[in-house]
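Readers should treat all values here as calculations from the given coordinates under stated rules, not as data from a laboratory. Keep in mind the model is a prediction, meaning the values are calculated, not measured. Cβ: placed from backbone, ideal geometry, glycine included. Neighbour counts: every protein chain shown.
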Amino acid sequence: MTSPLLQIRGLRTHFFTESGVAKAVDNVDLDVRQGEVLGLVGESGSGKSVTALSVLRLIPDPPGRIVTGDIRFQGRDLLSVDWHNIRQVRGKEISMIFQEPLTSLNPVFTIGRQVMEVILAHEPKTSREQARTQSIDILTEVGIPDPATRMNQYPHELSGGMRQRVMIAIALVLNPSLLIADEPTTALDVTIQAQILDLMLELKARRVGNAILLITHNLAVVAETCDRVAVMYGGKIQEVAPVRDLFHNPLHPYTRGLLTSLPRVDGHRATRLTTIPGAVPDIHNLPTGCKFSTRCTDRFEPCDNIEPQLIEAAPDHWVRCHLHE
Amino acid sequence: MTPSEASASESILRRRLRKFKRIKRGYWSFLLLACVYLISFFLPYLASNKALAVRYEDQYYFPMVRFYEASEFNQDIVGEPDYRNLREQFSASGENWVLMPIYPYGPYESLLDLPGFPPHPPSSDHLFGTDNRGRDVLVRLAYGFNISLTFAILVTLVSYTAGIMIGACLGYIGGRFDLLGQRTIEIWASLPFLYTIIFVSSIVIPVYIPGRMQILQPSFWLLIGILAAFEWMAMTYYVRGEFYREKAKDYVGAAIVTGVSETRIMFSHILPNALTPVISFAPFAIVANISALVALDFLGFGLPAPTPSWGELIGQGMTNLTKSWLVFFPLGALFTTLLFVVFIGEAVREAFDPKEHSRLR
């Protein structure tokens, strides 16, 4: 097996706030392999976004800081490169798209200027004409009709779906090896969501070897698009498995809880939606043992005190639970 | 708005400009003031005691460009020739002539040959009368208009540039730098402005260099510096606040992930979005600066004599309350100018109002 595109080992990103230390990401190991779509799933505050932001060193400091860890991208250590070089990585080798396409574009500049800026920032030798043609090409590719006209329009003249297409165009114009999509469809209508996801997969298929890290809390999106899934809870990876494996044979009680709380449209008589009992523990005051122990229905004696390790319970299926040790 | 207009792409700024043009009172005030201000730069050719051109003994002279001795025109005085006198002399003969500006009196010239003692009341030659040194009030008001407005615009520019830069840095960097900067600004802002002016003007004696343009006078720039030094703080508050708000917006984050440099993000991405309150405030800053110069001149701490100044004329009006032309004309000029600038400011504010549709009436 070739070395992964992105390798995260022992990442701890903590936020030092007035009410204590928030261990948003606590000892995360994660690989994004060449050419795959990896889904990173978890509820709000589980540390998915902070993990992604840590990769690009976008943690606001203060209050946040990457305490320890090792992030290697194509073998290069991202945590030790200086500020100038991390800027070279951003947008060119690793791109990111956010949840809010409506506000992610600068309202005072035209679409064209914002696409061209990325090209000119990373490849200063490109002429404006070249950058312009390149921008029109990528806008065509992301399915924006009449891109030459759209280039001269302002963000407020485009719909939400169009703006997310522009964001994807900006993210992909320099052909980065990794695209981090942080809930790219959350703010969009359901019909547009499917279009945007299809577009992302289609663009990825055309760029051989490029990978996507898809952060979402929508399991339906994961089932549709991902090759592998990582489930996060309480700042830790709880389960990593190929997508079929995870949906057919979930090992971690949290994953099982997530899957049973999905509403179903097939067969079953209308019943109350199953939920996971309890609430997410306070980030400043996580349990000492298993992070899920406060809500777990299968809790037994070691769970409260001993933190389980991430172990390979089945081939390529990793889980962090005492039940499987 | 016609459909074709709506479909055309338009930047926010251009839309606001279009809205500004629709607000007739402000727009026409702007046009009028801009025209008059532009014309006021040509005042030396419109109102001066120097001739535009002289033809004397088959030779042409251009006193605007070069200085001629009175003796060159066979006049019996020392120094500058009396061109008005020369014109009367030449009008008898056909050969020689003098071409004078439309209003042939200068701002520094004491008209002591008028009957009676200065200040002289308005007459057909001197429409607004003369001041206590026998200088034509209309000419001095006109020159004073140019100086006041130039002064106010320059102070606004200097203080805005400094205020925006510093406010941007405070807001963008934030944290301890912001805290320290804010406290320093507060200390600086609590310095009493008028006392500082009095101290400075007693140490640096204002010099007037005769024959030099107002913009090239050192005391003019000194005063701009002092006023700007006390005014930039106000802008930092607005810009700092705007930067705090804008830097948290998604488009800034989106720009950071594309690897754009910090200075570019600050000045190219955030600044245009942070300028709205600053721009709508600018006309009122100009009003404040005109008033400040008038007040300082009135108190005698402003531009050195004999600079044509509104404040100094208003001061003369106060000491000569019976001479109505020394009271009404300078105050009238000040009032009219400020009124027009306020009209502009009102229209700019209206045009830049982001809440045009949601306002509850």
Subject >> Residue order, fewest to most beta carbons within 10 Å, for A:Ile97, B:Ile185, B:Ile215, A:Ile86 >> reply: B:Ile215, A:Ile86, B:Ile185, A:Ile97
Original post:
How much FRET efficiency would the formula 1/(1 + (r/R0)^6) give for B:Gln182 and B:Ser261, where r is the Cβ-Cβ distance and R0 is 35 Å, rounded to 0.05?
Top reply: 0.85
Original post:
Mind checking the dipole of region B:18-88: about its Cα centre, +1 per Lys or Arg Cβ, -1 per Asp or Glu Cβ, Debye to the nearest 20?
Top reply: 1460 debye
Original post:
Once the piece of chain linking B:Ile203 and B:Ile153 is laid out straight, how much longer is it, given 0.36 nm per residue of separation minus the C-alpha distance between them?
Top reply: 15.4 nm
Original post:
Using all Cα-Cα distances in chain B, what percent lands in each 20 angstrom bin from 0 up to the longest?
Top reply: 23, 46, 25, 6, 0
Original post:
Which of rounded, prolate, oblate describes region A:230-325, given a ≥ b ≥ c as roots of the alpha-carbon gyration tensor eigenvalues and a/c under 1.5 marking rounded, otherwise prolate only if a/b is larger than b/c?
Top reply: oblate
Original post:
Taking the Cα centre of each part, how many Å lie between region B:28-93 and region B:139-163?
Top reply: 26 Å
Original post:
So what are the ³J(HN,Hα) numbers for region A:233-249, from phi and the Karplus equation (6.51, -1.76, 1.60; θ = phi - 60°), rounded to whole Hz, Gly and Pro as x?
Top reply: 8, x, x, 10, 6, 9, 7, 10, 7, x, 4, 5, 3, 5, 6, 8, 9
Subject >> Amide H within-cut-off set for A:Val67, under 5 Å, with H built and near neighbours excluded >> reply: A:Arg12, A:Thr13, A:His14
**OP:** Pull up all non-local amide H partners of A:Gly39: gap of 5 or more, or a different chain, and H-to-H distance under 5 Å with H placed in the peptide plane.
**Re:** A:Leu214, A:Asp227, A:Arg228, A:Val229, A:Ala230
Subject >> Phi-based couplings in Hz for region B:40-51 (Karplus 6.51, -1.76, 1.60; Gly and Pro marked x) >> reply: 4, 6, 9, 3, x, 9, 10, 9, 6, 8, 8, 6
Original post:
Taking the Cα centre of region A:35-175 as the origin, how large is its charge dipole in debye, to the nearest 20, when only Lys and Arg (+1) and Asp and Glu (-1) carry charge on their Cβ atoms?
Top reply: 220 debye
**OP:** With the Cα gyration tensor of chain A in hand, convert its eigenvalues to equivalent ellipsoid semi-axes via √(5λ) and list them largest first in whole Å.
**Re:** 36, 23, 18
Subject >> Förster radius 35 Å - calculated FRET efficiency between B:Arg245 and A:Asn85, Cβ distance, rounded to 0.05 >> reply: 0.70
Original post:
If you plug each phi of region B:285-296 into the Karplus form 6.51 cos²θ - 1.76 cosθ + 1.60 with θ = phi - 60°, what whole-Hz ³J(HN,Hα) values come out, in order, with x for Gly and Pro?
Top reply: 5, 5, 4, 4, 6, 4, 4, 5, 5, 4, 5, 5
Subject >> Expected 222 nm ellipticity per residue - DSSP helices of 4 or more, -39500 (n - 2.57), all of chain A, to 500 >> reply: -8500 deg cm²/dmol
**OP:** Express in whole angstrom the spacing between the alpha-carbon centres of region B:208-225 and region A:152-218.
**Re:** 60 Å
Original post:
For region B:115-172, what is the Kirkwood hydrodynamic radius in Å, using each pair of distinct C-alpha atoms?
Top reply: 14.2 Å
**OP:** Calculate the dipole size of region B:270-361 relative to its Cα centre from +1 charges on Lys and Arg beta carbons and -1 charges on Asp and Glu beta carbons; express the result in debye to the nearest 20.
**Re:** 180 debye
Subject >> Segments A:34-46, A:115-127 sorted - mean Cβ within 10 Å per residue, highest first >> reply: A:34-46, A:115-127
Original post:
Picking from B:Asn146, A:Asn106, A:Thr51, whose Cα lies most toward the positive end of the charge dipole for the protein assembly as shown (charges on Cβ: Lys, Arg +1; Asp, Glu -1)?
Top reply: A:Thr51
Subject >> Set A:Lys125/A:Lys204; A:Lys92/B:Lys249; B:Lys24/B:Lys249; A:Lys23/A:Lys204; A:Lys48/A:Lys291; A:Lys48/A:Lys204 screened for pairs whose C-alpha atoms are more than 24 Å apart >> reply: A:Lys125/A:Lys204; B:Lys24/B:Lys249; A:Lys23/A:Lys204
Original post:
Amide H to amide H, which residues 5 or more places from A:Tyr233 or on other chains are under 5 Å from it, using H placed in the peptide plane?
Top reply: A:Gln238
Original post:
Which residue fluctuates the most in chain A, going by a Gaussian network model with Cα springs under 10 Å, if the choices are A:Asp26, A:Asp77, A:Asp182?
Top reply: A:Asp77
Original post:
For region A:127-196, what class follows from the C-alpha gyration tensor (a ≥ b ≥ c being the square roots of its eigenvalues): rounded when a/c is under 1.5, otherwise prolate if a/b is larger than b/c, else oblate?
Top reply: oblate
Subject >> Cα shape, region B:194-243, gyration tensor, a/c 1.5 rule >> reply: oblate
Subject >> Partner aspartates and glutamates for B:Lys19 [C-alpha distance under 18 Å; skip if fewer than 8 residues away on the same chain] >> reply: B:Glu5, B:Glu10, B:Glu346, B:Glu350, B:Asp353, B:Glu356
Subject >> Average other protein chain Cβ within 10 Å of Cβ, residues A:90-96 >> reply: 4
**OP:** Just subtract the alpha-carbon distance of B:Lys21 and B:Thr319 from 0.36 nm times their residue separation and send over the number in nm, one decimal.
**Re:** 103.0 nm
Original post:
Other chains' Cβ within 10 Å of B:56-65 residues: what's the mean?
Top reply: 0
Subject >> Most fluctuating residue given options A:Phe300, A:Phe16, A:Phe98, as computed from a GNM of chain A linking Cα atoms under 10 Å >> reply: A:Phe300
Original post:
Taking the inverse of the average 1/r across all pairs of different Cα atoms in the protein assembly as shown, what Kirkwood radius in Å do you get?
Top reply: 31.3 Å
**OP:** Return a whole-number percent for the relative contact order of region B:75-222, with Cα pairs under 8 Å and 6 or more residues apart as the contact set.
**Re:** 11 percent
Subject >> Residue of A:Pro263, A:Pro308, A:Pro176 that the Gaussian network model of chain A assigns the largest fluctuation, springs spanning Cα pairs under 10 Å >> reply: A:Pro263
Original post:
Which order results if A:Val25, B:Val207 are arranged by neighbouring Cβ count within 10 Å, fewest first?
Top reply: B:Val207, A:Val25
